[in-house]
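Read the structure below first, then the notes.
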Amino acid sequence: MKPLKLVAVSAGLSQPSSTRLLADRLAEAARRHLAEERATEVRVVELRDLATDIANTMVTGFPGAALREAIEAVTEADGVIAVTPIFTASYSGLFKSFFDVIDNTALAGKPVLIAATGGTARHSLALEHALRPLFAYLRAIVVPTAVYAASEDWGTGGDDRTDGLAARISHAAEELAGLVLRRPAAAEPIDAVIPFEQQLAALRP
């Protein structure tokens, strides 16, 4: 049985980045939950490294090799973790542009865990009024629990196992793992359409 593929998309701009850190922690938590049932391969796509290619693709419509490979990784994954910093009460332009260059049917039925980082907890509602509608429009199956990490969450409170960031990460990752494991296998593509007359002739005695 092939390993499951889990891809985390990080739209962090700095290095190191709290957005990348959250993506890594969510991916590792989801991998642990999935490992109880299936081997899982994890990959992180750093949008910072693809920013120029994304901008060029928005203008030309033709992605370069690196961006095309990243898009394929996301669209072929069994589950996706999408993490963005919050700017002006919404996702970053880089984050939105990446999902704009993906075909708007490519994520249909795919489990997606949404997460975000920001300076204060007051930006956490952006997960519900910006990210969740975006992936609902793309017809992804969005995990019920979204994870927001404010600056204070990376202190000692972030490791609280009952009510802090670590608990939220574990809960959301468990939900994502459950959706991935219950997702029906993709149907085999049909190579050719058999004409109706031919099908009818095959039914005759």
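Points to keep in mind about this one:
- Given a 1.4 Å probe and the protein chains as shown, Met58 ends up with an accessible area of around 100 Å².
- List Thr60, Thr52, ordered by accessible area with a 1.4 Å probe, largest first: Thr52, Thr60
- Additional length obtainable on full extension of the chain from Leu13 to Ala167, 0.36 nm per residue less Cα span: 52.9 nm
- Helix 18-35 axis, angle to the chain major axis (alpha carbon atoms, nearest 10°): 50
- Free of any trypsin sites (Lys or Arg not before Pro) that DSSP assigns to a loop and that have at most 15 other C-beta atoms within 10 Å, the longest stretch within the chain is 39-138.
- Antiparallel DSSP beta bridges within the chain, as percent of all bridges there, nearest 5: 10
- Probe 1.4 Å, all protein chains present, accessible-area order of Tyr91, Tyr148, Tyr137, largest first: Tyr137, Tyr91, Tyr148
- When Ser97, Ser10 are compared by accessible area at a 1.4 angstrom probe, the order from most to least is Ser97, Ser10.
- Computed [θ] at 222 nm, deg cm²/dmol, the chain (DSSP H ≥ 4; -39,500 (n - 2.57); rounded to nearest 500): -12000 deg cm²/dmol
- Equivalent ellipsoid dimensions for the range 1-69 as semi-axes, Å, which come from the Cα gyration tensor, largest first: 27, 17, 6
- Taking Rg/Rh (Cα atoms, Kirkwood Rh) as calculated from this structure, the corresponding entry among [x] 1.03; [y] 0.95; [z] 1.07 is [z].
- Accessible surface of His129 - all protein chains present, 1.4 Å probe, nearest 10 Å²: 110
- Here's the list of lysines a cross-link from Lys96 could span, going by alpha-carbon distance under 19 Å and ignoring same-chain residues fewer than 8 apart: Lys110.
- Asp100 contributes about 80 Å² of solvent-accessible surface, heavy atoms of the protein only, 1.4 Å probe.
The values are calculated or read from the model by the stated rules, or taken from the named source; none is laboratory data. Source: prediction; values computed, not measured. As a convention, Cβ positions derive from the backbone with ideal geometry for all residues, glycine included, and neighbour counts pool all protein chains shown. Quick note on the areas: whole protein, heavy atoms, side chains included, nothing else; ligands and nucleic acids left out. Shrake-Rupley method; radii C 1.70, N 1.55, O 1.52, S 1.80 Å.
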